[in-house]
Structures are given as C-alpha cells and as structure tokens.
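Colleague: Below you'll find the structure I mean.
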Amino acid sequence: MQSWDVIIIGAGAAGLMCAIEAGKRGRKVLVLDHATKLCEKIRISGGGRCNFTNIHTTAADFLSNNRHFAKSALARYTPRDFLDLVEKHSIKWHEKTLGQLFCDTSAQEIINLLLEECRSASVTIKHPVTVKNVRPLPKQASGEKFSLESSDGTLCCHSLVIATGGLSIPKIGATDFGHRIAKQFGVPLTPLRPALVPLTLDAADKEFCKTLSGVSQNCITSVKKQKFQENLLFTHRGLSGPAILQISSYWEPGKSITLNLLPDHNIEADLTAAENSKKTLTNVLAPFLSKRFAQEWVERYAQNRTPADLGSKKLRKIAEDIHNWVITPAGDEGYAKAEVTLGGVDTKDLSSATMESKTQPGLFFIGEVMDVTGHLGGFNFQWAWACGHAAGQAV
Ligand SMILES: Cc1cc2nc3c(=O)[nH]c(=O)nc-3n(C[C@H](O)[C@H](O)[C@H](O)COP(=O)(O)OP(=O)(O)OC[C@H]3O[C@@H](n4cnc5c(N)ncnc54)[C@H](O)[C@@H]3O)c2cc1C
C-alpha cells in the first residue's frame, strides 16, 4: 500500500493550487485525476484566454448559504497574490473590463504555470486514474486516515482533499464524485443546479428571440434586488450573454426576470414627443436600441403603428415595457452549457480557515464542489486559488 501525506482527487484549478501549497510545506503530495488531458476547464475558460481573476473580488461576488464563508480564504489569498504568480511566469495579461484579468495569449499559459509550480514543489500527479472507493481507516499509529482503491492500486493518506469540481460540462470530465463522497461521509449538501447558464423561453418568446439571433444589447437584468448591467445576447434557443448568465444564478424555475433594455437613457420623453411628429416608432427607438431589435420590438409590441396612431398612453406603456421587460424563462440549457454548478458541499460543515470537514476530520473539500459559486468575471478561479491555498496550508 502506497502511503502519502496528502492525496488530492481532481487536478483542476483548486486541486493544483492546494497541491502546490502543500508541496511547498514539504508534504508528500499525490494528485489523481481521471482525465487523460489535464485542466480542460482552464483550457476552455475565458474563450481560451482564461479570465484568471478579478481585481475587485470580495465575498459579495459569491453565492452561498453562508455569505460570510469565503471571506477568510479570500483575504489570505488575494487577486494580487495570483497576479504575482502570473508575472513570475512572465505571462502577459490585460484587464478586459470590470476588473476581469485575462491572458494575452492563451489559457495554456495558466496550465503551464500550475504544472511547473507543482514540479518545483515535488508534487506527484497521476492520470488517468480512477478512484473506485474511499474508506476511512481505523485509528492507527502511523496516522493515515483514509485508504483508496484506485486503478493505480491501493493508496492511503493522512489528508484527503476532494477537488473534483461541479457538474458542468460532463463531456470534459465533470462528475458527481465529490458529492457522492460527501454523502458517504455524512457531509451535508445544498441543492444543486446549473448556474451562469443561458436561459430558454416558451414558444412565443423563443420565436421572437430567434428572429433576433446574434443581436446584442446592453441592459440591466434583475431578479428581486440583484441586478447586473452587461450585454444580453439573443440566440435561436433563447437568451444568453453575460447579463443573462449572471442573473441565471439568481433565477429560480417558474419565476420571472426583468430586463431594462435601455439602462442609460429614459425613452419615455422621446416616445411621447414623437406623438406629434411624422417619425416612425422604429426611427424613434433605433438611435438607442439596435435597428434590428427596434424593428422587431415595434412589430411585436406596437403592430407597426405610428406614434400618432398609438397615442400618449400606449407610448408610455411601450416605454415602461422597454425599461421593465418581464420574461418568464421556460428553463435553462443545463449542465452541458452551464459554466458552474450552484450549491454543493454545505459550508456549515467546513472550516472557513482550512476547508476541512467538521464531520470527518482529515477530509477537505475545495473549489466548485463546495457551495460557493462566483459571479461571472474571474471570481470562480479566484475562489479556486484562494480555497486551494487555504487547504494547502492545513493538509
Ligand atoms: C466554459 C467555461 C468557461 C469558464 N470560464 C471561466 C473564467 O474565464 N473565469 C473563471 O473564474 N471561471 C471560469 N469558469 C469556471 C471555472 O472553470 C471553474 O469554476 C473552476 O475550474 C473550478 O475549479 P475546480 O478545481 O473546483 O474544478 P475543475 O477545474 O472542474 O477540476 C475538477 C477536476 O476533477 C477531475 N475529476 C472530476 N471527477 C473525477 C473523478 N471521479 N475522479 C478523478 N478526477 C475527477 C476533473 O477531470 C477535473 O480535472 C468557466 C467554466 C466553464 C465551463
């Protein structure tokens, strides 16, 4: 039986960061992953350029049953800390928008950084390796707490870290392994659902969006008090783009979302003033909305009538609808298209300082497998680095 100080299952962002920190402390670390090609999620992230952090990260950028849980780890490993690592590896980066930092060239550079840091911290990575089962060991003098049956033989360790991520994008290796391990050890889970995901619409709204497929519009999306001002993208299946992905994390099935399609300009005065002019409604709207959108909107909501024809009451209603377009999505595009999984290992069972389970000492959960989900914009990687770093100091 091979014995290790630390075994980490999952060689993604959180798992590798934890391995680096534990390795630097002189711990004998083994990372196992079932994938043939490592770090696929990092490779496809940020459109291939990896939005590796967000310089404005705070705990308010995360959804969790415990809104305070992320504070400790985020304070001890900041975006500046990861940027120092990026700069140490001479990776060129830029801020795209809203504090989002991307590689200039390729996400592969972040993968290389992690693997090089693992090498210099003497971390062993084995893949593809399947873990068949995990068992707690009876208390023993040597201190090992877990044994694992794997395709690489029987392994045992003092600390076991579950870093197998969430359920999104199963075709590149996402599994429910971490959630199953939590259940096996009696660690509670919060409900799971896809998040940062495009939303689908019922037949009538879908038809409308289909005609606008490819059109993008700056807007404010909101659910209750939560608001995001970013771009909305119409697709042939429904609604996408950053504004929709962000609000999807707050949307609940059966509930509606509100869109302000003109957040920076109140259109009511333009519309009512047009009542006494010869302008078409499309011409009034087109300077503010995209022309295609204005045309489709006028056809659907005003049956192509002129402002004079509509009258001030109806024009005010059109303005109200543009600023408060209420849509009830039919659903979402599921884990196949979701960037992240909402919910996971309940943080009330975990130490916010170390990510160790209170129910099962020696067992740690890090990254997306936990009930900590970031907004779009580099926050999910910053969480992976921060909680991986925190666990790496403790395992
Ligand atoms: C398309 C897309 C783009 C994204 N872009 C960004 C972005 O630009 N910025 C950002 O902050 N976030 C982004 N995210 C989210 C981000 O990728 C994740 O939040 C982050 O990778 C989570 O890190 P993790 O280490 O917890 O899990 P992962 O990175 O998913 O790693 C989990 C690892 O566990 C392995 N594994 C799973 N099951 C098993 C098993 N049974 N046995 C062994 N190994 C297993 C997997 O192979 C994988 O290597 C994006 C996500 C997607 C899907």
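The values are calculated or read from the model by the stated rules, or taken from the named source; none is laboratory data. These figures come from a predicted structure and were not determined experimentally. We place every Cβ from the backbone using ideal geometry, glycine too, and count neighbours over all the protein chains shown. Only protein heavy atoms, including side chains, enter the accessible area calculation; ligands, DNA and RNA are left aside. Shrake-Rupley method; radii C 1.70, N 1.55, O 1.52, S 1.80 Å.
Colleague: Considering 213, 147, which residue is in contact (Cβ under 8 Å) with a residue 12 or more places away in the chain, touching a Ser or Thr at 6+ places or on another chain (Cβ under 7 Å) and either of a type in the set (D, E, K, R) or closer than 28 Å to residue 302 by Cα (or both)?
Modeller: 213
Colleague: Could you grab the pairs with beta carbons closer than 6 Å, sequence gap of 6+ or different chains, first residue in the range 95-112 and within 10 Å of residue 42 (Cβ to Cβ) and open to solvent by less than 40 Å² (accessible area, probe 1.4 Å), second one of a type in the set (Ser, Thr, Tyr) and modelled with pLDDT of 95 or more?
Modeller: Going by the 6 Å Cβ cut-off, the qualifying pairs are 107/45.
Colleague: Then there is this: Just to be sure I understand, how many residues within the range 347-383 are of a type in the set (Asp, Glu) and within 16 Å of the ligand (Cβ to nearest atom)? Lay out the reasoning, then the answer.
Modeller: Filtering the range 347-383 down to residues of a type in the set (Asp, Glu) leaves 349, 356, 368, 371.
If we keep only those that are within 16 Å of the ligand (Cβ to nearest atom) as well, we get 368, 371.
Selection size over the range 347-383: 2.
Colleague: Restricting to the range 67-81, name every residue that is open to solvent by 60 Å² or more (accessible area, probe 1.4 Å) and under 26 Å from residue 193 (Cβ atoms).
Modeller: The answer is 67, 68, 71.
Colleague: I would also like to ask the following. How about the range 212-258: which strands (runs of 3 or more DSSP E) wholly inside it have at least 1 residues that are of a type in the set (Ser, Thr, Tyr)?
Modeller: 216-223, 238-240
Colleague: For residue 175, only one of the following conditions fails: (1) over 13 Å from residue 7 (Cα atoms); (2) buried (at least 16 other Cβ atoms within 10 Å of the Cβ). What is its number?
Modeller: (2)
Colleague: Hey, could you check the range 1-56 for residues that are in contact with a strand residue (DSSP E or B) (Cβ under 8 Å, 6 or more places away or on another chain) and part of a helix (DSSP H, G or I) and say which is most open to solvent (accessible area, probe 1.4 Å)?
Modeller: Residue satisfying both the conditions and the ranking: 46.
Colleague: List every residue pair whose Cβ atoms sit under 6 Å apart, with the two residues 6 or more apart in sequence or on different chains, where the first one lies in the range 44-67 and is within 13 Å of residue 380 (Cβ to Cβ) and the second, anywhere, is aromatic (Phe, Trp, Tyr) and more than 7 Å from the ligand (Cβ to nearest atom).
Modeller: Between residues of the range 44-67 that are within 13 Å of residue 380 (Cβ to Cβ) and residues that are aromatic (Phe, Trp, Tyr) and more than 7 Å from the ligand (Cβ to nearest atom), the close pairs are 46/102; 51/102; 53/82.
Colleague: If you scan the range 37-57, which residues turn out to be within 6 Å of the ligand (Cβ to nearest atom) and among the polar types (S, T, N, Q)?
Modeller: Passing the criteria: 45, 51.
Colleague: Consider residue 348 carefully, then state whether it is of a type outside the set (S, T, N, Q), in a loop (DSSP other than H, G, I, E, B) and in contact (Cβ under 8 Å) with a residue 12 or more places away in the chain.
Modeller: Numbers: of a type outside the set (S, T, N, Q): yes; in a loop (DSSP other than H, G, I, E, B): no; in contact (Cβ under 8 Å) with a residue 12 or more places away in the chain: yes.
No; evaluated as a whole, the condition is false for this residue.
Colleague: Got a number for residues in the range 301-327 being open to solvent by 70 Å² or more (accessible area, probe 1.4 Å) and either of a type in the set (A, V, I, L, M, F, W, C) or touching a residue at least 60 places away in the same chain (Cβ under 8 Å) (or both)?
Modeller: 1
Colleague: So, residue 139, is that one closer than 29 Å to residue 79 by Cβ and open to solvent by 10 Å² or more (accessible area, probe 1.4 Å) or not?
Modeller: In short, no.
Colleague: Next up: Collect the residues in the range 13-36 that are out of contact with any helix residue (DSSP H, G or I) (no Cβ under 6 Å at 6 or more places or on another chain) and near the ligand (Cβ under 9 Å from one of its atoms), keeping them in residue-number order.
Modeller: 15, 32, 33, 34, 35
Colleague: If you don't mind, another one. Kindly list, by first and then second residue, each pair from a residue in the range 285-300 that is part of a helix (DSSP H, G or I) to a residue that is open to solvent by 80 Å² or more (accessible area, probe 1.4 Å) and among the basic types (Lys, Arg), limited to pairs with Cβ atoms under 9 Å and residues at least 6 apart or on different chains.
Modeller: 285/291
Colleague: What tally of residues in the range 113-132 results from selecting those that are farther than 23 Å from residue 392 by Cα and open to solvent by less than 70 Å² (accessible area, probe 1.4 Å)?
Modeller: Count: 0.
Colleague: Quick check on the range 355-371: of everything there that is out of contact with any helix residue (DSSP H, G or I) (no Cβ under 6 Å at 6 or more places or on another chain) and open to solvent by less than 20 Å² (accessible area, probe 1.4 Å), which residue is farthest from residue 195 (Cα to Cα)?
Modeller: Checked the range 355-371; the qualifying residue farthest from residue 195 (Cα to Cα) is 362.
Colleague: Does residue 154 count as within 10 Å of the ligand (Cβ to nearest atom), in the same structural domain as residue 32 (by TED's automatic domain parsing) and open to solvent by 20 Å² or more (accessible area, probe 1.4 Å)?
Modeller: No; evaluated as a whole, the condition is false for this residue.
Colleague: Could you grab me the full set of residues in the range 337-346 that are more than 9 Å from the ligand (Cβ to nearest atom) and either at pLDDT below 95 or closer than 27 Å to residue 239 by Cα (or both)?
Modeller: 342, 343, 344
Colleague: Something else: Being within 16 Å of the ligand (Cβ to nearest atom) and at positive phi is the filter; apply it to the range 195-251 and report the residue that is surrounded by the most Cβ atoms within 10 Å (Cβ to Cβ).
Modeller: 196
Colleague: Another question, then. For residue 359, indicate whether it is under 30 Å from residue 240 (Cβ atoms) and among the hydroxyl-bearing types (Ser, Thr, Tyr).
Modeller: Considered against the rule, which asks whether it is under 30 Å from residue 240 (Cβ atoms) and among the hydroxyl-bearing types (Ser, Thr, Tyr), residue 359 comes out as no.
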